[in-house]
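The following block contains the structure, expressed as structure tokens.
The values are calculated or read from the model by the stated rules, or taken from the named source; none is laboratory data. Just so we're clear, the structure is a prediction, and the values are computed from it rather than from any experiment. Counting neighbours? That spans all protein chains shown, and the Cβs are built from the backbone with ideal geometry, glycine included. Heads up: the accessible areas ignore ligands, DNA and RNA and are worked out on the full protein's heavy atoms, side chains in. Shrake-Rupley method; radii C 1.70, N 1.55, O 1.52, S 1.80 Å.
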Amino acid sequence: MMSVEDVHTYYGPSHVLHGIDLLLEKGDVISVMGRNGAGKTTLMRTIMGLTPARQGTVGFDGRDITRLKPHDIFRLGIRLVPQGRNVFPKLTVEENLRLALVAQKSADPRSELEKAYDRFPILGQRRQQKVKGLSGGERQMLAIARGLLGKTRILLMDEPSEGLAPLIIRELHDTILEIKTEDITIFLAEQNVKMALSVCDRHYILEKGEIRFTGTTEEMSANKDIMIQTLGVSA
Amino acid sequence: MTVLNGLTMGMVLVLVAGGLSIIFGMLDVLNFAHGSLYMLGGYLGYTLSIATGSFWLALLLAPVGVAMVGFFIEFFTLRPLYGRPPLHHLLLTFGISLIAQNAVKFIWGNDIYSVETPESLTGIVEFLGIAYPTYRLFILLFSIGIAILMWLLITKTRYGIVVRAGTEDIETLEAHGIDTRKVFTGVFILGSALAAIAGAAVAPMRTVYPQMGIDIIIDAFVVVIIGGLGSIRGTVIGALILGQAIQMGAVFLTGFADAAIYIVMAGILLFKPSGLVAESN
Ligand SMILES: Nc1ncnc2c1ncn2[C@@H]1O[C@H](COP(=O)(O)OP(=O)(O)O)[C@@H](O)[C@H]1O
Ligand SMILES: [Mg+2]
């Protein structure tokens, strides 16, 4: 469904991703783990077209999307839940959601909003509130709800658990497991190894812009050395 | 009377500075040529009202013509420069304003033209115990009407959501399916049309002359600065304050009228360095 082949990404002169290869099949739930600065966000941005690869290709459904604009990539069904709960603070909850429906002409806004509020009732209660006043966990829910509106095929989640309280992380964990049952392919960037291992089936470990290790959850658990070496933790 | 004049002046400034402010908030372009679009609105309005014999038709068509000019400016000159330092845009639009001013002198000459007030709006109306020129009252109500339309567009429609989101974070907007380049073009065209509406509407009151673009752009910049860069609400408040300052200055500081503008600006910036409605991010 999605393939990343020999991708090199730069910010100006600085070379950040050094030849990344990935494969996601439909329905996969896959993580990319790595320390701060490993290149997780850059990888997400490259797939989304925000910082296009200078070399290599990103393919989706057999089509080369490496140099498509982000808005065209969105229209293919690829959705980014950005790091840092990046929603629009001065818009209301509902306006943030409606924004993601502007480009989806075929979706029925009312029923899509209703689905989002069913999934996250707290957003329904706060639909008319400005996002400024929301807690970190609520903003994360909003960002995820926004990513699920309409025809989502791949959900790219960039460190959703970052900076959240343990209780909220547990909720987030359940939310992701629920999305997993809905035929949506998930690509999750995390530093929270426990979270990644408990929701994803296959994992990539990223270090200094290169893939160090790939394996299933069992293979990862059997290979504690690599986790201590690259992530500084054992799970 | 002075207060009413100030209000009229302020509402006209809302139209001009409002476009300037949205363009700045979204495109990050400080559009020095915005005054030229206002000026073109005045000149086109003048020519069209003579050619068609109808002020109303001119008021409708002049903004359409200027919107087309706005499209060309955005599409062919600004677009290649997005992502560059703001100074590049400022120099570009400054250059465009010089070209526009000389083009106007070339086509229309150095003369001052007065546009005839439409028959139905000549004379004076009396209300609340004051006598006020009918045409000024028309401008006041007309600009309030346009401003309300703009407000509805921005607060109530999905285009408005897109524009407000764009003043916060262009990249996230683009990543949610919006072709932000198209939105930029649309916003610039709309801002151009608003400036031209103002220019064509005030022509019967203020005449049309080659310096008018420079005169208004300075006032509009002051409005945007005291209102807080990129804030729409701030721009409206700033325009209304400046309108009063200009009129009060003309009455009480005869000969130093322009000084009033800078006194007000300095006074406000002294207490609110980033403008009345400062952006938090
Ligand atoms: N806008 C940028 N300009 C230059 N360098 C950047 C930029 N963003 C990130 N980097 C660098 O790229 C590397 C990878 O960063 P990032 O992808 O954010 O890592 P992660 O998300 O895994 O923490 C880091 O060394 C970081 O300093
Ligand atoms: Mg990151």
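Which percent, nearest 5, of DSSP beta bridges in the protein assembly as shown are antiparallel?
So the antiparallel bridges in the protein assembly as shown amount to around 60 percent.
With heavy atoms of protein chains only and a 1.4 Å probe, what residues of the range A:83-125 have at least 50 Å² less accessible area in the full set of chains than alone?
With the partner chains in place, the range A:83-125 has these residues losing at least 50 Å²: A:PHE88, A:LYS90, A:LEU91, A:GLU95, A:ARG98, A:LEU99, A:VAL102.
Take B:THR155 and B:TRP108, extend 7 Å from each Cα along the Cα→Cβ direction, and tell me the distance between the two endpoints in nm.
3.5 nm
Highest first, please rank the peptides A:169-175, B:196-202 by the mean number of other Cβ atoms sitting within 10 Å of their residues.
The most tightly packed comes first, giving B:196-202, A:169-175.
Let me ask something else about it. Residue by residue through A:38-49, how many Cβ atoms from other chains fall within 10 Å of the Cβ on average?
Counting Cβ atoms of other protein chains within 10 Å of each residue's Cβ and averaging gives 1.
Going by alpha carbons, how many degrees (0 to 90, nearest 10) lie between the helix axis of B:134-156 and the longest principal axis of chain B?
20 degrees
Modelled label-to-label distance, A:HIS18 and A:ASP108, 7 Å Cα→beta-carbon offset: nm?
5.3 nm
Specify whether the C-alpha gyration tensor of the range B:129-233 places it in the rounded, prolate or oblate class, a ≥ b ≥ c being the square roots of the eigenvalues: rounded for a/c under 1.5, otherwise prolate if a/b is larger than b/c and oblate if not.
prolate
Give the calculated FRET efficiency between A:TYR10 and A:ASN86 to the nearest 0.05, with a Förster radius of 30 Å applied to their Cβ-Cβ distance.
After rounding to 0.05, the efficiency reads 0.85.
Report the FRET efficiency, 1/(1 + (r/R0)^6), for A:ARG170 and B:ALA266, where r is their Cβ-Cβ distance and R0 is 41 Å, rounded to 0.05.
Once the sixth-power term is evaluated, E becomes 0.15.
I've got another one for you. State which entries of A:LYS69/A:LYS208; A:LYS115/A:LYS180; A:LYS26/B:LYS182; B:LYS156/B:LYS182; A:LYS90/A:LYS208 exceed 28 angstrom in Cα-Cα distance in the structure shown.
Correct reply: A:LYS26/B:LYS182; A:LYS90/A:LYS208.
In peptide B:159-166, what is the residue-averaged number of other protein chain Cβ atoms found within 10 Å of each Cβ?
Other-chain Cβ atoms within 10 Å of each residue's Cβ, averaged: 4.
Pull out a ≥ b ≥ c, the square roots of the eigenvalues of the alpha-carbon gyration tensor of the range B:15-211, then state rounded if a/c is under 1.5, prolate if not and a/b is larger than b/c, and oblate in the remaining case.
Note, shape of the range B:15-211 comes out oblate.
Then there's this: If one takes the longest principal axis of the Cα atoms in chain B, at what angle in degrees, from 0 to 90 and to the nearest 10, does the Cα axis of helix B:2-27 lie?
With rounding to tens, the tilt is 20 degrees.
Can you tell me how the range A:86-151 classifies by the Cα gyration tensor, rounded, prolate or oblate, using a/c under 1.5 as the rounded cut?
Prolate shape, in that a/c is at least 1.5 and a/b is the bigger ratio.
Any idea how far the Cα center of the range B:206-266 sits from the one of the range A:10-81, in Å?
Result: 49 Å between the Cα centres.
If you don't mind, there's one more thing I want to ask. With all protein chains present, how much of the accessible area of chain B (probe radius 1.4 Å) comes from carbon and sulfur, to the nearest whole percent?
71 percent
In degrees between 0 and 90, to the nearest 10, how far off the longest principal axis of chain A does helix A:136-148 point, with axes built from Cα atoms?
90 degrees
What do you get when you divide the Cα radius of gyration of chain A by 2.2 N^0.38 Å, with N the number of residues?
Here the Cα radius of gyration is 0.99 times the empirical estimate.
Average the reciprocal distances over every distinct pair of alpha-carbons in the range B:1-116, invert the result, and give the Kirkwood radius in Å.
After inverting the pairwise mean of 1/r, the radius is 15.6 Å.
In what sequence, highest mean first, do B:228-238, A:102-112 appear when ranked by Cβ atoms within 10 angstrom?
Ranked from most to least packed, the peptides come out as B:228-238, A:102-112.
Chain pair B, A: how much accessible area is buried, both chains summed, with a 1.4 Å probe, in Å² to 100?
2000 Å²
In Å², and per residue, what accessible area does the range A:86-151 have when probed at 1.4 Å with the other protein chains present?
Here the per-residue accessible area is 45 Å².
Give me the inter-chain shielding for A:64-73: mean count of other chain Cβ atoms within 10 Å, whole number please.
3
Run lengths n ≥ 4 of DSSP H only: what is the helix-derived mean residue ellipticity at 222 nm for the protein assembly as shown, with -39500 (n - 2.57) per run over all residues, to the nearest 500?
Value at 222 nm, helices only: -18500 deg cm²/dmol.
Also, I was wondering about something else. Give me the Kirkwood hydrodynamic radius of the range B:75-162 in Å, from all C-alpha pairs, to one decimal place?
17.8 Å
Another question, then. Heavy atoms only, probe 1.4 Å: what % of the accessible area of the range A:86-151 goes to carbon and sulfur, would you let me know?
So the carbon and sulfur contribution to the accessible surface is 46 percent.
May I pose another question? Counting only heavy atoms of the protein chains, get the accessible area per residue of chain B (1.4 Å probe) and round it to a whole Å² value.
45 Å²
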